[in-house]
Structures are given as C-alpha cells and as structure tokens.
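Report on the structure given below.
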Amino acid sequence: MKNLFLFLFICLLSNSFTYADNKIIKIYEEQFKQGLISEDEYNAVKKNFENKNPKKNSEPKKTLKLIKKEKSKKLKFFKKEKEPIFDDDLALLEIYDKKKFEEEFKKYPNEIIEFFGKNSNNVSRAKKAGQYMSIEFNRSAKGQAKFPGRMIKAMAAYEFLYIDRLRDSKEALLRYKEKKNSKYLRKSADEKKIRSLISMNNGRKKMREALGMTLDTPRIEAAKKFWYLGEFLEMGTAVKNENYDKNLEKRKKLLNDYKQKITKLKEKIQSEEKETELN
C-alpha cells in the first residue's frame, strides 16, 4: 500500500514538474533495485514519463538559450556604439540663456535678421534654419554647383539650429554636469542629448575651420562670414566667352576644389549625426 501511494505521488509530480523526469526515473530505478517496488511498477512509471515527455523539452531550452545569446550580443553591440562623454567636450557646451541669445540676435546683420524675421524667437529661427538646411544639404552635385552660395548660408543657419538644441537640452546638461559621477534616473536620456549636442558642436567646429575660424570665433562674426560669402558666391552667373583670361581656369579649379571640400564636410557631418541618433 505504501508503495502504491508513492507511485501515485510520483505520477502527480510528473505532470507538474516535467523538467525533473530523469531524476524521478532514477529514484524509481534505485527503489526497484532495492526491491521496494516491483518490476511492473517500475516499468509503468518509466513508460508514463516517456510517453508524456518525448524529446521535446530539451529543444525549447536550447532555443531559449540561443535567443538569450542573440539578445546579449545585440546589447553588447549597442553598448559599444555609445561614445564616452569627455570633460573637454562637455566644457565646450554652453548653458542656454534665453535673454542672452535674444539680445545677441539683434546684433546680427540686417540680411540675417530679415531672413529669420525681426520678431522671430529661438524656436522659430531653429525651425526655419532646419528647413533651409534640409533643402541645401540634400541638393545634388549639380544643384550645389548652380547655387553654391546657399550651401554656405546653410552653415550660418546651422548656428541657429544649435542654439535651439542648447535650449532643448538645458535641463539635461545642468543635471548631468551636477550628477555625472553618480547614478540617477534620467542619466541615460541625458547622456543621449549631450552626445547629440557634442556631435553638433563638432559639426560647427568643422564648418568654421573650413573658412579659417574656430569655436572661439564669436557667433555673430562666424554667421556674418558664412552669410556674406554665400551672398558673394550667389552674385556670379555663368557666361559663355571664348576670349577669357587663362587665369580664370585656375580660379575655377580652386572654386571646384572648395566645393568638393564643402561636399565632403557635409557628408561627414550627416554621417556623424546619424551615428548619434543610433546611440
């Protein structure tokens, strides 16, 4: 009678804990060897487990392990993509000051003020800058050759887009500067915004360096140089003339080289921005 209860108890366990089947069968095998149960009882239990649990249970476990491995690889991949935030890059990021930037806008050349609108604010200026850049940075090589000045003006517009990103990231930047050495709830989101800012600032640096300027060049002066050079390039029109100075060929070559550098710079900036968005 005792053995019968043991047999029923093991059968119930087999339905609830299928992963332990092999261990239970071994227990029964030992009991059979010790003479505690009959051969028929042992064979009945063994047959019961084999019928209910054919070679199913091991395969899903392997699949689950494979899925976990794939996920862990993906996580490692994305972690590697995240660039470290260096203190030197962080120090170059300004803290947005609405009053300061609004007062600064009044000192820009009239041409720039009229382009964005005299009564515009930082948000509306950034929106217009983004729209203008979207058109000019995505022009074909033929379009850029036709409108070379607009590409340079788009570099001035980039300065205004950057100002609005400073506005949008102000809280994240302040919070991160205060708590960067500790863990806090929004740290991951703050780091994402800061990486985007650093990427944009690097873009500003490269654009300025293309015209012999640095990040230390005052924003008004930088925007003025971009804008005036753009207007100068827009003044020229193509004219067919067989009697021209040979030196014009050299100038044309220099201008083409300059355009190529601008195109490469644009592509590099767009590539870096895409990498930052993935992070």
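Output the number of residues of segment 204-216 satisfying the condition of being in a helix (DSSP H, G or I) and farther than 20 Å from Asp87 by Cβ.
5
With the structure loaded, tell me whether Ser169 is farther than 17 Å from Arg204 by Cβ and out of contact with any Cys (no Cβ under 8 Å at 6 or more places or on another chain) or whether it fails that test.
In short, no.
Taking segment 131-163, which residues are among the hydroxyl-bearing types (Ser, Thr, Tyr) and farther than 22 Å from Glu221 by Cα?
Ser134, Ser140
Out of Ile135, Ile152, Ile113, report the one residue that is modelled with pLDDT of 95 or more, under 28 Å from Leu229 (Cα atoms) and assigned by TED's automatic domain parsing to the domain that holds Glu234.
The unique qualifying residue is Ile113.
How do the helices (runs of 4 or more DSSP H) wholly within segment 79-193 filter down when requiring 1 or more residues that are surrounded by fewer than 19 Cβ atoms within 10 Å (Cβ to Cβ) and under 28 Å from the mean Cα position of the chain (by Cα): which remain?
Where helices (runs of 4 or more DSSP H) fall fully within segment 79-193 and carry at least 1 residues being surrounded by fewer than 19 Cβ atoms within 10 Å (Cβ to Cβ) and under 28 Å from the mean Cα position of the chain (by Cα), they are 87-91, 98-105, 122-136, 141-146, 148-168, 170-179.
Yes/no matrix, rows are residues, columns are (1) of a type in the set (S, T, N, Q); (2) surrounded by fewer than 10 Cβ atoms within 10 Å (Cβ to Cβ); (3) modelled with pLDDT under 70:
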| position | (1), (2), (3) |
| --- | --- |
| Lys206 | no, no, no |
| Thr217 | yes, no, no |
| Trp227 | no, no, no |
| Glu231 | no, no, no |
| Tyr258 | no, no, yes |
| Thr263 | yes, no, yes |
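The values are calculated or read from the model by the stated rules, or taken from the named source; none is laboratory data. The shown structure was predicted, so the numbers you read here are calculated from the model rather than taken from an experiment. Here Cβ is always computed from backbone atoms with ideal geometry, including for glycine, and neighbour counts include all displayed protein chains.
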